[in-house]
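*Asks:* One structure follows; several queries about it will come next.
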Ligand SMILES: Cc1cc2nc3c(=O)[nH]c(=O)nc-3n(C[C@H](O)[C@H](O)[C@H](O)COP(=O)(O)O)c2cc1C
């Protein structure tokens, strides 16, 4: 039987994120087992940039819940990610993923291509800011295959189902999860399907999901993005992800090669300014320097 993992980014129990994920599961016709995890239950410390996960240990050496979370994701056949908008973007639990994303690379082969659907929930229609982009980035960092990603609206817990509209969205996401690849919703980045862009000089644009650039034109009043693949891709293909992992592993020898020069640059800034630190019981002070 398929195992579906619903990642609930909202700390609110039985809130809109939780019930939407459960509704999507109810509408999936394939027999499956639903597992749920609430990101805020997991204590995940920020990445220290030590790269140990890329070498000897092959997992994060910080003693927190990261490895348990990774294990749950690895064991799932498919993912549902449900994220609330907080202050015009995905809430903090979702934003935390990029800080531990590097430790996922040792598992790239197993992670790659897990079908996933995402749903963002905001209280005010149109006031979701970059929530959708945050969910797509989250799923791309998990190396998942995004089958569909949607925004719905409802502020109070349960409000999303006060009319039938969002049940339909849940049904569409449910059928997308194990369904065939759908045509990308236009206008979008032709490479990754991203729908968020930064406008650069001389009519250039950059896709905020895959971070590739190109130009913008119009055809029959519809924006057309001509985006080109860059030299260093992160996730467009499995080969890209594996090549990026090699690049990360190569960081150690690049660092050792330039160590003295780099140290000289950084140490020059060592004495600037005064650090403000939280007062902690003696012996547990954080090292800001
Ligand atoms: C701290 C906080 C910030 C919020 N910021 C926004 C916002 O910027 N835009 C918006 O439309 N809704 C905002 N909301 C509303 C939530 O997105 C909405 O209530 C959503 O349904 C929460 O999901 P939950 O019930 O699963 O927690 C905010 C809610 C909270 C608690």
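The values are calculated or read from the model by the stated rules, or taken from the named source; none is laboratory data. Given the structure is predicted, the values throughout are model-derived calculations rather than measurements. Glycine gets a Cβ as well: all are built from the backbone with ideal geometry, and neighbour counts include every protein chain shown.
*Asks:* Suppose the filter is in the same structural domain as residue 124 (by TED's automatic domain parsing), assigned to a helix (DSSP H, G or I) and within 18 Å of the chain's Cα centre (by Cα); does residue 17 pass it?
*Replies:* yes
*Asks:* Inspect all residues belonging to region 229-237 and state whether any of them is assigned to a helix (DSSP H, G or I) and touching a helix residue (DSSP H, G or I) at 6+ places or on another chain (Cβ under 7 Å).
*Replies:* The answer is no; no qualifying residue exists.
*Asks:* Next question. Going by the structure shown, is residue 53 farther than 19 Å from residue 150 by Cβ, assigned by TED's automatic domain parsing to the domain that holds residue 177, in a loop (DSSP other than H, G, I, E, B) and more than 16 Å from the ligand (Cβ to nearest atom)?
*Replies:* On the way: farther than 19 Å from residue 150 by Cβ: yes; assigned by TED's automatic domain parsing to the domain that holds residue 177: yes; in a loop (DSSP other than H, G, I, E, B): no; more than 16 Å from the ligand (Cβ to nearest atom): yes.
Against the criterion (farther than 19 Å from residue 150 by Cβ, assigned by TED's automatic domain parsing to the domain that holds residue 177, in a loop (DSSP other than H, G, I, E, B) and more than 16 Å from the ligand (Cβ to nearest atom)), residue 53 does not qualify.
*Asks:* Can you run down the residue pairs with Cβ atoms below 6 Å, 6 or more apart or on separate chains, where the first is in region 119-133 and at pLDDT below 95 and the partner is near the ligand (Cβ under 6 Å from one of its atoms)?
*Replies:* Going by the 6 Å Cβ cut-off, there are no qualifying pairs.
Per-residue answers, yes or no, for (1) over 30 Å from residue 247 (Cα atoms); (2) at pLDDT 95 or above:
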{"site": "1", "(1), (2)": "yes, no"}
{"site": "7", "(1), (2)": "no, yes"}
{"site": "60", "(1), (2)": "no, no"}
{"site": "99", "(1), (2)": "no, no"}
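*Asks:* Only one of 139, 133, 79 is crowded, with 22+ Cβ neighbours inside 10 Å and either part of a strand (DSSP E or B) or within 16 Å of the ligand (Cβ to nearest atom) (or both); which?
*Replies:* 79
Yes/no matrix, rows are residues, columns are (1) at pLDDT 95 or above; (2) in contact with a helix residue (DSSP H, G or I) (Cβ under 7 Å, 6 or more places away or on another chain); (3) outside the structural domain of residue 23 (by TED's automatic domain parsing):
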position	(1), (2), (3)
145	yes, no, no
151	yes, yes, no
157	yes, yes, no
160	yes, yes, no
164	no, no, no
167	yes, yes, no
170	yes, yes, no
173	yes, yes, no
187	no, no, yes
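*Asks:* Next up: Here are some residues: 261, 274. Which one is in a helix (DSSP H, G or I) and modelled with pLDDT of 95 or more?
*Replies:* On the way: 274 fails: in a helix (DSSP H, G or I).
Matching residue, one of 261, 274: 261.
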